[in-house]
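Peer 1: Pasting a structure here, questions to come.
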Amino acid sequence: MIEPNSHVAAMAPYALADLEGPAGKPLNSLAQNESVLPPSPKAITAGRRALETARLYCDAEWTDLRAAIARVHHIPAEQILCGAGSMELIASLARCYAGPGGRVLSSQYGYGFFRSAALAVGAAYDQAPERGLTVSVDDLLGAVRPETRLVFVANPGNPTGTRIGYAELVRLRDGLDGCIALVIDEAYGEFAEAPGEAAFGLVGRGDTVVLRSFSKAYGLAGLRVGWGLFPPAMADQMRKVLNPNNVSGTSQASATAAMDDQSYMLATVAETTRVRDHFIIRLRNLGLETPDSSTNFVLIRFADADGAARADQTLREEGVIMRRMTGYGLADCLRATVASEAQMDMAADCLALWCQKEGLPC
Ligand SMILES: *Cc1c(COP(=O)(O)O)cnc(C)c1O
C-alpha cells in the first residue's frame with residue numbers, strides 16, 4: 001500500500017462549492033465569487049492572439065504583465081511575483097516560510113485555503129477570534145506563539161466581506177515580531193471603498209507581502225492569475241519554490257490587457273457594488289442580518305443552522321445556488337456572490353418566500 005505523508009493523510013480535502021440544483025431549471029450560481037461581468041473585450045482579444053504562439057514556453061519573468069501592474073499601482077516591477085492564481089502564491093509562501101514544527105496564524109473566519117496551505121507543508125494552523133465578523137488585531141496578536149512563522153489576513157475577508165483599516169494593519173504589523181511574515185490577501189481589494197492602495201506601503205518594511213488577484217474584479221477566474229508585492233529578499237526565496245512557467249502565455253496576455261483597461265474594471269466594480277447594495281437593502285428589509293460588504297459577495301445570517309439549511313433548500317429548488325458556510329463555523333450563514341440585478345432580485349424574491357413560509361415578520 002502507498003502511504004501518503006502523515007500530515008497529508010490527516011488533511012481534509014479543500015471544500016469546493018456544491019453546484020447541484022434541480023434538473024431542468026437554469027442554474028444561477030452565486031457560489032464562487034466569480035465576476036458577474038465578462039472580462040474586458042481587450043483581454044479576450046489579447047488572449048486569443050497569444051494562442052498563436054502557444055507552442056513556445058511562456059515568459060517566465062511575466063515581463064509585460066509586471067510592467068502593466070507596476071504602471072497602474074505605482075510599485076516596482078522587480079518586486080512583483082505572479083502566480084497561477086493568488087492561491088499558488090499562498091501555497092508557496094507556506095512552502096517557503098512554514099513547515100513541520102512551525103505554525104501559521106489567521107483569524108476565525110480566515111479564507112479556507114490558508115488552512116490547506118499550512119497543513120500541506122506539515123505546519124500547524126491557528127485561528128484567532130474575530131469580533132462582529134471582523135478581524136480583531138488584538139486577538140491575532142494574542143494568538144501568536146513562539147513557533148508562529150506566518151500570519152495571513154484576508155482584507156477584505158472571505159467569507160465575511162468585512163475589512164479593517166490601514167491603521168489597524170499597521171498596528172498588527174507593529175505588534176508582530178520582525179521574524180514573522182505578514183501576508184495581506186487583497187483578493188477583493190478593488191471592491192474596498194477606501195483606496196485599497198495603502199497596504200502596499202507596508203511591503204517596504206521587509207516583512208510584509210500584499211497579494212492581489214485577477215479572479216474577482218477583473219473577471220478572469222478561469223485563467224488563474226494572481227500577483228503579489230514582495231520585499232526583494234522574500235521574492236528571491238519565493239522564486240525557488242514557484243513553478244518557473246506558472247502563468248500560461250494566454251493568461252499573461254489577457255491579464256496584461258485587463259490591467260491596462262482600468263476603466264473597464266472600475267465600471268465592473270461600480271455595477272457590482274450598485275447591485276450588491278440594493279440586494280443588501282432588500283435582505284435587511286426582510287429582517288435578515290448581513291454585515292456591510294466591501295466585496296462582490298454578501299454573507300447572510302439566519303437565526304440558526306436549520307434556518308440556513310431550509311433557506312438553502314428553498315433557493316436551490318428555484319435554481320439559486322448560494323454557498324453553505326458550515327466549514328467556517330458559520331452553519332447559520334449563506335454566502336451569496338453578487339450576480340446580475342435580475343438574478344439578485346430573484347434570489348431576494350426566493351428569500352422573501354422563505355420568510356413567509358417560516359412565518360417570519362417580513
Ligand atoms: C478568491 C480568493 C482567492 C483566490 O484567488 P485566485 O487568484 O483565484 O487563486 C484568494 N484569497 C481570497 C480571500 C479569495 O476569496
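Nothing in this text is a laboratory measurement; each read-out follows from the coordinates by a stated rule. Worth saying up front: this structure is predicted, and the values here are computed from it rather than measured. Methodologically, a virtual Cβ is constructed for each residue, glycine included, from the backbone with ideal geometry; neighbour enumeration extends over all protein chains shown.
Peer 1: Between L353 and D236, what is the spin-label point distance in nm, taking each point 7 Å from the Cα along the Cα→C-beta axis?
Peer 2: Result for the modelled spin labels: 6.2 nm.
Peer 1: Rounded, prolate or oblate for segment 264-322? Axes are the square roots of the Cα gyration tensor eigenvalues, ordered a ≥ b ≥ c, and the cut-off for rounded is a/c under 1.5.
Peer 2: prolate
Peer 1: Just for the chain, what percent of DSSP beta bridges are antiparallel, to the closest 5?
Peer 2: 50
Peer 1: What full-extension length gain, to one decimal in nm, is calculated for L19 and S263 as 0.36 nm per residue of separation minus the Cα-Cα distance?
Peer 2: Full-extension gain reported as 84.6 nm.
Peer 1: Given the C-alpha centroids of segment 44-61 and segment 199-251, what is the distance between them in whole angstrom?
Peer 2: 19
Peer 1: Okay, next question. Find out how many positive minus negative residues lie around M87, taking Lys and Arg as positive, Asp and Glu as negative, among other residues whose Cβ is under 12 Å from that of M87. Please list the in-between numbers first.
Peer 2: Working: positive: R224; negative: E88, D185.
Combined, the nearby Lys, Arg, Asp and Glu give -1.
Peer 1: Also: Through the Karplus equation 6.51 cos²θ - 1.76 cosθ + 1.60, θ set to phi - 60°, convert the phi angles of segment 294-307 into ³J(HN,Hα) values in whole Hz; use x for Gly and Pro.
Peer 2: 10, 9, 9, 8, 10, 8, 10, 9, 9, 5, 7, 4, 5, x
Peer 1: With point charges of +1 on the Cβ of Lys and Arg and -1 on the Cβ of Asp and Glu, referenced to the Cα centre of segment 97-230, which listed residue (G161, A120, T208) lies farthest in the positive direction of the dipole?
Peer 2: A120
Peer 1: Compute the Cα gyration tensor for segment 32-189, then decide on rounded, prolate or oblate, letting a ≥ b ≥ c be the square roots of its eigenvalues: rounded whenever a/c is under 1.5, prolate when a/b is larger than b/c in the other cases, and oblate in all that remain.
Peer 2: prolate
Peer 1: Give me the one-decimal nm value for the distance between modelled label points at A342 and R49, 7 Å along each residue's Cα-to-Cβ direction.
Peer 2: Placing both labels 7 Å along Cα→Cβ, they lie 3.3 nm apart.
Peer 1: Same structure, new question: Given labels modelled 7 Å from the Cα in the Cβ direction, how far is it in nm from H278 to V8?
Peer 2: 4.9
Peer 1: Below 14 angstrom from the Cβ of P100, what's the summed charge of the other residues (Lys, Arg +1; Asp, Glu -1)?
Peer 2: Result for the local shell: +2.
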